[in-house]
Amino acid sequence: MAQVTLRFIFISDADKPVVALRVPDDMLFQEAFVAAAKKQGKDASILTATLPGGSPITGGTVKEVADRSANIHVIDPSIVG
């Protein structure tokens, strides 16, 4: 089983922390997103994941998302406003 490394960049936080996860490429993206949020001590249900250009990530597998970009921007609307 192939593995993919995704970099979740929490751009709403002032220091822009990064959580890198190496996960199976057939894992659902949402599962990886929740795991990254938990590592950062955040609730994934209030966060938004986008590709670097701002395109929302609506679902799919880790491979499908990583084929577009391995860098994921995570936005916390409660911080941004």
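A few points about this structure:
- The one condition in (1) in a helix (DSSP H, G or I); (2) acidic (Asp, Glu); (3) more than 10 Å from the chain's Cα centre (by Cα) that residue 31 fails to fulfil: (3)
- The stretch 56-81, residues that are free of Cβ contacts under 8 Å to residues at least 12 places away in the same chain and closer than 15 Å to residue 11 by Cα: 56, 81
- Scope the stretch 54-81; condition more than 12 Å from the chain's Cα centre (by Cα), open to solvent by 80 Å² or more (accessible area, probe 1.4 Å) and more than 17 Å from residue 24 (Cβ to Cβ); matching residues: 68, 78, 79, 80, 81
- Against the list (1) more than 12 Å from the chain's Cα centre (by Cα); (2) in a helix (DSSP H, G or I); (3) hydrophobic (A, V, I, L, M, F, W, C), the condition residue 14 fails is (2).
- Considering the conditions (1) more than 20 Å from residue 1 (Cα to Cα); (2) assigned to a helix (DSSP H, G or I), residue 41 is excluded by exactly one of them, (2).
- Considering the stretch 20-49, the residues that are among the acidic types (Asp, Glu) and in contact (Cβ under 8 Å) with a residue 12 or more places away in the chain include one that is surrounded by the most Cβ atoms within 10 Å (Cβ to Cβ), namely 25.
- Reported count of residues in the stretch 1-19, each being modelled with pLDDT under 95, among the charged types (D, E, K, R) and surrounded by 13 or more Cβ atoms within 10 Å (Cβ to Cβ), is 1.
The values are calculated or read from the model by the stated rules, or taken from the named source; none is laboratory data. Everything numeric in this text was worked out from a predicted model, so none of it was measured. Backbone-built Cβ (ideal geometry, glycine too); neighbour counts: all protein chains shown. Remember, those area values only see protein heavy atoms, side chains included, never the ligands or the DNA or RNA. Shrake-Rupley method; radii C 1.70, N 1.55, O 1.52, S 1.80 Å.
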